[in-house]
Structures are given as C-alpha cells and as structure tokens.
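A.B. asks: The structure's right below; bear with me while I get my questions together.
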C-alpha cells in the first residue's frame, strides 16, 4: 500500500463529489456524515464519472444509467442489469488526515 496526498480537509466539504486522479486512477472522494470516503470514481456498469452523479445520503447515483453505490463500502445498491450487463461493487480506499493534509492509501 502506498499513501498519496490528495488535498486539504477544506477541499472536501460535506456533500461535494470530488473526482481525484491518484497515480492515474480516478477516485471519488466525498465527506459523508463527517467522514471522508473514497471509492473508485468510474462506474462499473458503463464507465460513468461518479463525481458528476448525484449524492443521496451515503449513496452516489451514476449520471449515465442510474447505478447506485454505497460510498462507505463501495457496494452496489442498485443498477441496470440488461442489456449492458450489471454493475459491480467499487473498490473502497482508506482515507486519513495528516496535519491539514488528506491522504489516501492505494494498493
């Protein structure tokens, strides 16, 4: 696992969906219920940019076909099944605070 600085705490206000490039991988970072969450930023169904989606509580809804993912775990909550195939769970990542910096642990 490697740590990467992704910004400062003030860069991630509650409810703001942030797409961050972490070493060539797009990650969605958002503060939910006072906790920073990070999951894959690209929808597993048809590649929608989840940072352009809609935040509904602790769930992000993909702007392309409406797949929904729990931001705390990356688990798919709802997704289209046909004709394009189903959505799969997203990877989730550990986020930490070091001083004023936000860091993410990536494999």
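The values are calculated or read from the model by the stated rules, or taken from the named source; none is laboratory data. Computed from a predicted model, the values in this text were never measured in an experiment. Positions of Cβ are generated from backbone atoms using ideal geometry, with glycine treated the same way; all protein chains shown enter the neighbour counts.
A.B. asks: Return yes or no: is residue 27 touching a helix residue (DSSP H, G or I) at 6+ places or on another chain (Cβ under 7 Å) and part of a strand (DSSP E or B)?
C.D. replies: So residue 27 fails the test.
A.B. asks: Scan segment 59-77 and report the pairs whose first residue is on the phi > 0 side of the Ramachandran plot and whose second residue is assigned to a strand (DSSP E or B) and surrounded by 18 or more Cβ atoms within 10 Å (Cβ to Cβ), with Cβ atoms within less than 8 Å and a gap of 6+ or a chain change.
C.D. replies: 74/39; 74/40; 74/92
A.B. asks: When segment 34-68 is examined, which residues are found to be outside any strand (DSSP E or B), under 19 Å from residue 21 (Cβ atoms) and out of contact with any helix residue (DSSP H, G or I) (no Cβ under 9 Å at 6 or more places or on another chain)?
C.D. replies: Residues satisfying the conditions are 44, 47, 48, 50, 51, 52, 53.
A.B. asks: Hey, can you tell me all the residues within segment 69-92 that are in a strand (DSSP E or B) and either at pLDDT below 95 or out of contact with any strand residue (DSSP E or B) (no Cβ under 9 Å at 6 or more places or on another chain) (or both)?
C.D. replies: Let us first name the residues in segment 69-92 that are in a strand (DSSP E or B), namely 69-70, 76-78, 92.
76, 77, 78 - these are the residues of segment 69-92 that are in a strand (DSSP E or B) and either at pLDDT below 95 or out of contact with any strand residue (DSSP E or B) (no Cβ under 9 Å at 6 or more places or on another chain) (or both).
A.B. asks: Find the residue count for segment 2-21, including only residues that are assigned to a strand (DSSP E or B) and more than 12 Å from the chain's Cα centre (by Cα).
C.D. replies: Of segment 2-21, the ones assigned to a strand (DSSP E or B) are 2-8, 14, 18-21.
From what is left, the residues that are more than 12 Å from the chain's Cα centre (by Cα) are 2-8, 14.
Total meeting the criteria: 8.
A.B. asks: Tell me which residues, restricted to segment 88-99, are surrounded by 15 or more Cβ atoms within 10 Å (Cβ to Cβ) and either in contact with a helix residue (DSSP H, G or I) (Cβ under 9 Å, 6 or more places away or on another chain) or at positive phi (or both).
C.D. replies: Across segment 88-99, the qualifying residue is only 90.
A.B. asks: Continuing with this model, one more query. Condition check: in contact with a helix residue (DSSP H, G or I) (Cβ under 7 Å, 6 or more places away or on another chain), touching a residue at least 60 places away in the same chain (Cβ under 8 Å) and part of a strand (DSSP E or B). Does residue 102 satisfy that?
C.D. replies: So residue 102 passes the test.
A.B. asks: Continuing with the same structure: Being touching a residue at least 40 places away in the same chain (Cβ under 8 Å), under 23 Å from residue 87 (Cα atoms) and over 14 Å from the mean Cα position of the chain (by Cα) is the filter here, so list the residues in segment 22-58 that pass it.
C.D. replies: 45, the sole residue that qualifies.
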